[in-house]
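Here is the structure we will look at, set down as structure tokens.
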Amino acid sequence: MANQHSQAGHGSHGGHDAHEGGHGSMKAYVIGFVLSIILTIIPLVMVMNDMFSKSVTTVVIIVMAIMQFAVQLLFFMHIREEPKPRFNLIALIFGIVIMVTIVAGSIWIMTYNAVG
């Protein structure tokens, strides 16, 4: 009986440590959520109100998307809170390189492979 109690106590303690190390605080989640909303609303308002030229609007959308990506990584994916974030960062960079290669290649093919 005492053995079961010590195992249960140890298991719950391990779960508590994993919870603290693996998840952010409510404050971090709220800050990330508010930043995500702001970074979504800014380009939306610009596009709906036709505030700037097409090229300026495109640049702002791209900048907001990059900032949104950073907010997602830092506040929701906890990229900086892991014991060894370097491995995850390397995998993430590799994934981004593959994605950019596929997107850029697709755009290149669609632009310069005109039939006619």
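A short reminder: the numbers here are calculations on the coordinates, not readings from a lab. Fair warning: this is a prediction, and the values are worked out from it, not measured in the lab. Cβ atoms come from the backbone with ideal geometry, glycine included; neighbour counts cover every protein chain shown.
Highest mean packing first, where packing is the average number of other Cβ atoms within 10 Å per residue, the peptides 26-34, 60-68 line up as 60-68, 26-34. You can think of it this way: the chain between Ser36 and Lys54 has 4.2 nm of extra reach, that is 0.36 nm per residue less the Cα-Cα gap.
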